[in-house]
Amino acid sequence: MKVSQGKSNAKIILMGEHSVVYGKSAISLPFFAAEVTAKVEEVSEGVEIISDYFSGPLDEAPSILNGVKELIDTVLKRLDMKSSGLKITLDSKIPAQRGFGSSAAVSVALSKALYNLVGQTLEPTALRELVEKAEKIHHENPSGLDGDTIVSQQAIYFIKNKNTSNIKINMDLDLIVGDTGNPASTKTAVQTVYNNENRDSEIEKLGQLSQAVFLNIKNQDSILMGKNMTQAHQSLKALGVSSDELDEFVDVAIESGALGAKLSGGGLGGCMIALSEKNKSQLIVDALKKQGADTIWILDLKEI
Ligand code: PMV
(Lines give C-alpha, C1' and ligand atoms only; values in the text may rest on other atoms or scores of the structure.)
Protein backbone atom coordinates (compact mmCIF):
# COMPACT_ATOMS: atom_id res chain seq x y z
CA MET A 1 0.00 0.00 0.00
CA LYS A 2 1.48 3.35 -1.07
CA VAL A 3 1.86 6.45 1.12
CA SER A 4 2.67 10.00 -0.02
CA GLN A 5 3.03 13.48 1.41
CA GLY A 6 2.62 17.08 0.32
CA LYS A 7 3.72 20.16 2.21
CA SER A 8 2.85 23.82 2.01
CA ASN A 9 3.60 27.11 3.72
CA ALA A 10 1.40 30.05 4.72
CA LYS A 11 1.34 33.62 3.42
CA ILE A 12 1.21 37.16 4.77
CA ILE A 13 -0.26 40.09 2.83
CA LEU A 14 2.02 43.12 3.06
CA MET A 15 -0.26 45.53 1.17
CA GLY A 16 -3.43 45.49 -0.88
CA GLU A 17 -5.86 43.20 0.93
CA HIS A 18 -9.46 43.94 -0.06
CA SER A 19 -8.49 46.47 -2.77
CA VAL A 20 -6.99 43.48 -4.63
CA VAL A 21 -10.53 42.10 -5.00
CA TYR A 22 -11.38 45.29 -6.96
CA GLY A 23 -8.47 44.95 -9.37
CA LYS A 24 -5.81 46.96 -7.50
CA SER A 25 -2.27 45.72 -6.96
CA ALA A 26 -1.17 43.80 -3.86
CA ILE A 27 2.12 42.64 -2.36
CA SER A 28 2.20 39.36 -0.53
CA LEU A 29 4.92 37.30 1.15
CA PRO A 30 5.43 33.59 1.78
CA PHE A 31 5.39 32.69 5.46
CA PHE A 32 7.43 29.61 6.22
CA ALA A 33 7.10 29.64 10.03
CA ALA A 34 3.79 27.79 9.75
CA GLU A 35 3.33 24.72 7.58
CA VAL A 36 0.68 22.23 6.62
CA THR A 37 1.36 18.60 5.74
CA ALA A 38 -1.06 16.34 3.91
CA LYS A 39 -0.51 12.60 3.98
CA VAL A 40 -2.35 10.22 1.67
CA GLU A 41 -2.32 6.47 2.32
CA GLU A 42 -3.83 3.70 0.24
CA VAL A 43 -6.24 1.65 2.33
CA SER A 44 -8.62 -1.19 1.51
CA GLU A 45 -11.84 0.85 1.12
CA GLY A 46 -13.64 4.21 1.51
CA VAL A 47 -12.22 7.71 1.66
CA GLU A 48 -11.44 8.76 5.21
CA ILE A 49 -10.26 12.18 6.32
CA ILE A 50 -8.43 13.04 9.54
CA SER A 51 -8.25 16.76 10.33
CA ASP A 52 -8.65 19.27 13.16
CA TYR A 53 -12.23 19.94 12.07
CA PHE A 54 -13.46 16.42 11.51
CA SER A 55 -12.25 12.85 11.35
CA GLY A 56 -14.29 10.18 9.59
CA PRO A 57 -15.70 9.29 6.16
CA LEU A 58 -15.25 12.20 3.71
CA ASP A 59 -18.94 11.96 2.71
CA GLU A 60 -19.93 12.89 6.24
CA ALA A 61 -17.52 15.84 6.62
CA PRO A 62 -19.08 19.18 7.71
CA SER A 63 -19.55 22.07 5.27
CA ILE A 64 -16.33 23.78 6.42
CA LEU A 65 -14.54 21.02 4.51
CA ASN A 66 -16.54 21.54 1.29
CA GLY A 67 -13.53 23.12 -0.40
CA VAL A 68 -11.37 20.12 0.54
CA LYS A 69 -14.08 17.73 -0.70
CA GLU A 70 -14.30 19.55 -4.03
CA LEU A 71 -10.53 19.51 -4.39
CA ILE A 72 -10.25 15.78 -3.69
CA ASP A 73 -13.04 15.08 -6.15
CA THR A 74 -11.46 17.19 -8.90
CA VAL A 75 -7.96 15.74 -8.42
CA LEU A 76 -9.19 12.13 -8.35
CA LYS A 77 -11.05 12.72 -11.61
CA ARG A 78 -8.05 14.41 -13.23
CA LEU A 79 -5.76 11.59 -12.16
CA ASP A 80 -8.26 8.96 -13.21
CA MET A 81 -8.23 7.51 -9.69
CA LYS A 82 -11.18 5.76 -8.13
CA SER A 83 -12.72 7.55 -5.15
CA SER A 84 -12.18 4.84 -2.60
CA GLY A 85 -9.32 3.23 -0.72
CA LEU A 86 -7.75 6.46 0.59
CA LYS A 87 -6.95 7.79 4.03
CA ILE A 88 -6.11 11.49 4.04
CA THR A 89 -4.50 13.14 7.05
CA LEU A 90 -4.26 16.93 7.24
CA ASP A 91 -1.84 18.25 9.82
CA SER A 92 -1.95 22.04 9.81
CA LYS A 93 0.24 24.20 12.03
CA ILE A 94 -1.18 27.28 10.28
CA PRO A 95 -3.71 29.01 12.54
CA ALA A 96 -7.02 29.06 10.64
CA GLN A 97 -8.93 32.25 9.86
CA ARG A 98 -6.10 34.61 10.83
CA GLY A 99 -5.08 35.86 7.37
CA PHE A 100 -2.38 33.24 6.81
CA GLY A 101 -4.16 31.64 3.85
CA SER A 102 -4.60 28.35 5.69
CA SER A 103 -7.31 27.04 3.34
CA ALA A 104 -5.17 27.70 0.24
CA ALA A 105 -2.20 26.08 1.97
CA VAL A 106 -4.24 22.96 2.74
CA SER A 107 -5.30 22.79 -0.91
CA VAL A 108 -1.69 23.03 -2.09
CA ALA A 109 -0.41 20.36 0.33
CA LEU A 110 -3.28 18.02 -0.47
CA SER A 111 -2.98 18.39 -4.25
CA LYS A 112 0.76 17.70 -4.05
CA ALA A 113 0.20 14.63 -1.87
CA LEU A 114 -2.41 13.16 -4.27
CA TYR A 115 -0.22 13.76 -7.33
CA ASN A 116 2.79 12.30 -5.48
CA LEU A 117 0.80 9.16 -4.71
CA VAL A 118 0.48 8.35 -8.39
CA GLY A 119 3.92 9.72 -9.27
CA GLN A 120 2.56 12.52 -11.47
CA THR A 121 4.07 16.01 -11.76
CA LEU A 122 1.86 18.89 -10.80
CA GLU A 123 2.74 22.07 -12.72
CA PRO A 124 2.32 25.42 -10.88
CA THR A 125 -0.40 26.60 -13.29
CA ALA A 126 -2.48 23.47 -12.71
CA LEU A 127 -1.88 23.73 -8.96
CA ARG A 128 -3.06 27.37 -8.90
CA GLU A 129 -6.20 26.38 -10.79
CA LEU A 130 -7.00 23.63 -8.29
CA VAL A 131 -6.46 25.97 -5.34
CA GLU A 132 -8.73 28.62 -6.87
CA LYS A 133 -11.50 26.09 -7.37
CA ALA A 134 -11.42 25.18 -3.68
CA GLU A 135 -11.01 28.81 -2.58
CA LYS A 136 -14.17 29.80 -4.49
CA ILE A 137 -16.08 27.57 -2.10
CA HIS A 138 -14.57 29.30 0.97
CA HIS A 139 -15.50 32.74 -0.29
CA GLU A 140 -17.26 33.45 -3.54
CA ASN A 141 -14.93 35.93 -5.14
CA PRO A 142 -11.32 35.24 -4.14
CA SER A 143 -8.73 37.41 -5.85
CA GLY A 144 -6.32 34.49 -6.18
CA LEU A 145 -3.69 36.26 -4.09
CA ASP A 146 -3.47 33.54 -1.42
CA GLY A 147 -3.01 30.71 -3.90
CA ASP A 148 -0.45 32.57 -6.01
CA THR A 149 1.72 33.55 -3.03
CA ILE A 150 1.65 30.07 -1.55
CA VAL A 151 2.36 28.30 -4.83
CA SER A 152 5.17 30.68 -5.84
CA GLN A 153 6.89 30.55 -2.38
CA GLN A 154 8.28 34.02 -3.07
CA ALA A 155 7.21 37.60 -2.46
CA ILE A 156 4.85 38.58 -5.25
CA TYR A 157 3.38 41.67 -6.87
CA PHE A 158 -0.12 40.64 -7.81
CA ILE A 159 -3.02 42.00 -9.82
CA LYS A 160 -6.15 39.86 -10.15
CA ASN A 161 -6.43 38.01 -13.46
CA LYS A 162 -3.08 39.40 -14.64
CA ASN A 163 0.41 37.95 -14.59
CA THR A 164 1.97 37.69 -11.14
CA SER A 165 5.59 38.79 -10.75
CA ASN A 166 8.05 37.63 -8.15
CA ILE A 167 9.75 40.47 -6.29
CA LYS A 168 12.61 40.76 -3.80
CA ILE A 169 12.08 42.87 -0.70
CA ASN A 170 15.73 42.68 0.43
CA MET A 171 15.44 45.39 3.14
CA ASP A 172 17.35 45.35 6.39
CA LEU A 173 14.13 45.37 8.40
CA ASP A 174 11.90 43.01 10.34
CA LEU A 175 8.23 42.43 9.78
CA ILE A 176 6.67 41.59 13.12
CA VAL A 177 3.50 39.54 12.91
CA GLY A 178 1.22 39.67 15.95
CA ASP A 179 -1.73 37.29 16.08
CA THR A 180 -4.73 38.60 18.03
CA GLY A 181 -5.82 34.98 18.42
CA ASN A 182 -9.27 35.95 17.16
CA PRO A 183 -10.44 33.97 14.13
CA ALA A 184 -12.41 35.87 11.51
CA SER A 185 -14.16 34.96 8.29
CA THR A 186 -12.65 36.36 5.09
CA LYS A 187 -16.05 35.97 3.42
CA THR A 188 -17.70 38.23 6.05
CA ALA A 189 -14.86 40.75 5.76
CA VAL A 190 -15.16 40.87 1.96
CA GLN A 191 -18.94 41.41 2.30
CA THR A 192 -18.38 44.13 4.93
CA VAL A 193 -16.19 46.04 2.48
CA TYR A 194 -18.68 45.54 -0.34
CA ASN A 195 -21.45 47.08 1.76
CA ASN A 196 -19.40 50.02 3.07
CA GLU A 197 -20.67 53.42 1.86
CA ASN A 198 -17.11 54.75 1.43
CA ARG A 199 -15.99 51.65 -0.45
CA ASP A 200 -14.95 53.22 -3.73
CA SER A 201 -12.88 56.06 -2.28
CA GLU A 202 -11.14 53.88 0.32
CA ILE A 203 -10.39 51.15 -2.23
CA GLU A 204 -8.87 53.81 -4.48
CA LYS A 205 -6.66 55.01 -1.59
CA LEU A 206 -5.62 51.44 -0.72
CA GLY A 207 -4.69 50.80 -4.33
CA GLN A 208 -2.51 53.92 -4.41
CA LEU A 209 -0.85 53.03 -1.11
CA SER A 210 -0.05 49.53 -2.30
CA GLN A 211 1.49 50.95 -5.46
CA ALA A 212 3.43 53.45 -3.32
CA VAL A 213 4.84 50.66 -1.13
CA PHE A 214 5.91 48.78 -4.25
CA LEU A 215 7.99 51.87 -5.16
CA ASN A 216 9.21 52.28 -1.57
CA ILE A 217 10.59 48.74 -1.77
CA LYS A 218 12.31 49.52 -5.07
CA ASN A 219 13.82 52.68 -3.54
CA GLN A 220 14.51 50.95 -0.21
CA ASP A 221 12.65 53.80 1.54
CA SER A 222 11.69 52.25 4.85
CA ILE A 223 10.36 55.46 6.44
CA LEU A 224 7.80 56.15 3.72
CA MET A 225 6.97 52.47 3.50
CA GLY A 226 6.05 52.43 7.21
CA LYS A 227 3.91 55.55 6.84
CA ASN A 228 2.08 54.11 3.85
CA MET A 229 1.38 50.90 5.75
CA THR A 230 -0.16 52.84 8.67
CA GLN A 231 -2.28 54.86 6.26
CA ALA A 232 -3.49 51.60 4.70
CA HIS A 233 -4.59 50.49 8.16
CA GLN A 234 -6.66 53.69 8.50
CA SER A 235 -8.41 52.93 5.20
CA LEU A 236 -9.06 49.31 6.19
CA LYS A 237 -10.47 50.60 9.48
CA ALA A 238 -12.71 53.05 7.59
CA LEU A 239 -13.93 50.09 5.54
CA GLY A 240 -15.01 48.37 8.77
CA VAL A 241 -12.61 45.43 8.74
CA SER A 242 -10.38 46.31 11.69
CA SER A 243 -11.13 45.38 15.30
CA ASP A 244 -10.36 46.90 18.70
CA GLU A 245 -7.50 44.44 19.22
CA LEU A 246 -6.01 45.13 15.80
CA ASP A 247 -6.20 48.90 16.38
CA GLU A 248 -4.55 48.47 19.79
CA PHE A 249 -1.78 46.31 18.32
CA VAL A 250 -1.14 48.93 15.61
CA ASP A 251 -0.98 51.73 18.21
CA VAL A 252 1.25 49.75 20.58
CA ALA A 253 3.65 48.77 17.77
CA ILE A 254 3.98 52.37 16.58
CA GLU A 255 4.38 53.72 20.14
CA SER A 256 7.17 51.17 20.63
CA GLY A 257 9.08 52.39 17.60
CA ALA A 258 7.61 50.60 14.56
CA LEU A 259 7.95 52.52 11.28
CA GLY A 260 4.37 51.58 10.49
CA ALA A 261 1.76 48.93 11.16
CA LYS A 262 -1.48 47.60 9.75
CA LEU A 263 -3.80 44.65 9.82
CA SER A 264 -2.96 41.87 7.37
CA GLY A 265 -5.41 39.64 5.51
CA GLY A 266 -9.17 39.85 5.65
CA GLY A 267 -9.24 41.56 9.06
CA LEU A 268 -12.05 41.60 11.67
CA GLY A 269 -9.53 39.56 13.68
CA GLY A 270 -6.39 37.71 12.72
CA CYS A 271 -3.03 39.42 12.49
CA MET A 272 -1.30 42.75 12.61
CA ILE A 273 2.03 43.36 10.88
CA ALA A 274 4.55 46.00 11.97
CA LEU A 275 7.58 47.22 10.04
CA SER A 276 10.57 47.56 12.31
CA GLU A 277 14.24 48.44 12.26
CA LYS A 278 16.21 45.51 13.64
CA ASN A 279 17.20 47.28 16.86
CA LYS A 280 13.54 48.09 17.70
CA SER A 281 12.04 44.67 17.12
CA GLN A 282 12.46 43.30 20.64
CA LEU A 283 10.81 46.35 22.19
CA ILE A 284 7.84 45.95 19.85
CA VAL A 285 7.59 42.22 20.51
CA ASP A 286 7.62 42.82 24.29
CA ALA A 287 4.94 45.50 24.00
CA LEU A 288 2.72 43.27 21.86
CA LYS A 289 3.11 40.41 24.35
CA LYS A 290 2.06 42.75 27.13
CA GLN A 291 -0.93 43.77 25.00
CA GLY A 292 -1.99 40.12 24.87
CA ALA A 293 -0.73 38.92 21.48
CA ASP A 294 -1.45 35.23 21.10
CA THR A 295 1.66 34.44 19.03
CA ILE A 296 4.33 36.70 17.56
CA TRP A 297 6.68 35.94 14.66
CA ILE A 298 9.54 37.98 13.24
CA LEU A 299 10.23 37.82 9.50
CA ASP A 300 13.58 39.06 8.27
CA LEU A 301 12.80 41.15 5.18
CA LYS A 302 16.43 40.80 4.02
CA GLU A 303 15.68 37.13 3.38
CA ILE A 304 12.50 37.69 1.35
O1 PMV B 1 -7.41 34.96 3.32
P2 PMV B 1 -7.14 36.23 3.99
O3 PMV B 1 -7.93 36.49 5.21
O4 PMV B 1 -5.68 36.50 4.10
O5 PMV B 1 -7.68 37.44 3.02
C6 PMV B 1 -7.55 37.38 1.69
C7 PMV B 1 -7.39 38.77 1.18
C8 PMV B 1 -8.63 39.48 0.69
O9 PMV B 1 -8.14 40.53 -0.14
C10 PMV B 1 -9.40 40.08 1.84
C11 PMV B 1 -9.55 38.58 -0.12
C12 PMV B 1 -9.00 38.13 -1.46
O13 PMV B 1 -9.65 37.29 -2.09
O14 PMV B 1 -7.94 38.63 -1.89
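The values are calculated or read from the model by the stated rules, or taken from the named source; none is laboratory data. In this text the structure is predicted, and so the values were computed from the model without any measurement. FYI the Cβ positions are ideal-geometry reconstructions off the backbone, even for glycines, and counts take in every protein chain you see. Heavy atoms of the whole protein, side chains included, go into the accessibility calculation; ligands, DNA and RNA do not. Shrake-Rupley method; radii C 1.70, N 1.55, O 1.52, S 1.80 Å.
Descriptive notes on the structure:
- When +1 charges are put on Lys and Arg Cβ atoms and -1 charges on Asp and Glu Cβ atoms, the dipole computed for segment 193-304 relative to its Cα centre reaches about 340 debye.
- The chain: most fluctuating residue of GLY147, GLY119, GLY178 per GNM, C-alpha cutoff 10 Å: GLY119
- 23 Å Cα-Cα threshold exceeded, pairs from LYS187/LYS227; LYS87/LYS136; LYS168/LYS289; LYS160/LYS218; LYS87/LYS187: LYS187/LYS227; LYS87/LYS136; LYS168/LYS289; LYS87/LYS187
- Listed residues TYR115, ILE167, ILE50: farthest to the positive end of the dipole of the chain (Cβ charges): ILE167
- The mean accessible area for residues of the chain, using a 1.4 Å probe and ignoring ligands and nucleic acids, is 44 Å² per residue.
- Packing-based ranking, highest mean first, of 264-270, 1-7, 186-192, 128-134 given that Cβ atoms within 10 Å are counted: 264-270, 128-134, 186-192, 1-7
- Taken as Cα centroids, segment 281-304 and segment 139-218 sit 20 Å apart, rounded to the nearest whole angstrom.
- The chain, accessible surface, carbon-and-sulfur percent (1.4 angstrom probe): 45 percent
- Cα centre as origin, Lys/Arg/Asp/Glu Cβ charges: the chain dipole, Debye: 680 debye
- Backbone N atoms of segment 138-155 closer than 16 Å to the 7 Å Cα→Cβ label point of ILE64 belong to residues 138-139.
- Ranking ILE167, ILE49 from most to least accessible surface, computed with a 1.4 Å probe over the protein chains only, gives ILE167, ILE49.
- Simple spin-label estimate for VAL43 and GLU248 gives 4.4 nm between the two label positions (7 Å along the Cα-to-Cβ direction from each Cα).
- Magnitude of the charge dipole for segment 55-113, about its Cα centre and with charges confined to Cβ atoms of Lys, Arg (+1) and Asp, Glu (-1), is about 200 debye.
- GluC sites (Glu not before Pro) restricted to DSSP loop in segment 25-94 with at most 12 other C-beta within 10 Å: GLU45
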